[in-house]
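All remarks here apply to the structure that follows.
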Amino acid sequence: IAAALGATKGALYHYFSDKRELILRCYERSAELDERMTELAERSGTTGLERGMVGLHLNVQAQVAGPSPLVPLIGFESIAPGPRKALQSRLAQLYRRFTEMGRQGIADGSNRRCDVDAIALAGADGIRAARTNITPSKGLIVKPARYRARLKVMSQPLLSGSGLAVSL
């Protein structure tokens, strides 16, 4: 990490007492960014579907635009129980907020009736899959055709019967 930042290990540990604190801060930063994206999605659009699509778009962009600010779920167990429980609570709240967008879409007619929890889990998988569609090479290069095809397949059940189409 220090080498990737162009810093020394000593400089890195000036800010973090150990690896566990570094991992904790990465997760906290990720949760903060997720909360901001969720707030923006909740304020955007006029339907539950539009808000959900804004949230999905923001999450995908965060994953594929340069070094991702959102951490994969690695090292979570190394976080001390108290902070880990607080992070789990924050992440669970974000999940509830996103599924609520889906329920709002069903209520306002923009989403078809579906298992919102299953769709939310599939969406989270799609966001994680964004990482597999990035190839290191003089920076990060997105493989758009592969990613867009997967996103279109994931989105179509949500849009079925809504009169909307995915154009990627």
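What follows is calculated from the coordinates using simple rules that are stated; it is not laboratory data. None of the values given here were measured: they were computed from a predicted structure. Methodologically, a virtual Cβ is constructed for each residue, glycine included, from the backbone with ideal geometry; neighbour enumeration extends over all protein chains shown.
Here are a few things to note about the model shown:
- Charge sum, other residues only, whose C-beta stays under 14 Å from Y15's C-beta, Lys/Arg counted +1 and Asp/Glu -1: +2
- Cβ crowding within 10 Å averaged over residues, with 86-94, 14-22, 51-59 ranked highest first: 51-59, 86-94, 14-22
- Annotation: extensible slack from C114 through E28 equals 27.8 nm (criterion: 0.36 nm per residue apart, minus Cα-Cα distance).
- Total formal charge among the other residues, if their Cβ is under 13 angstrom from that of R51, Lys/Arg +1 and Asp/Glu -1: -2
- Environment charge at E28 (Cβ cut-off 14 Å; Lys +1, Arg +1, Asp -1, Glu -1): +3
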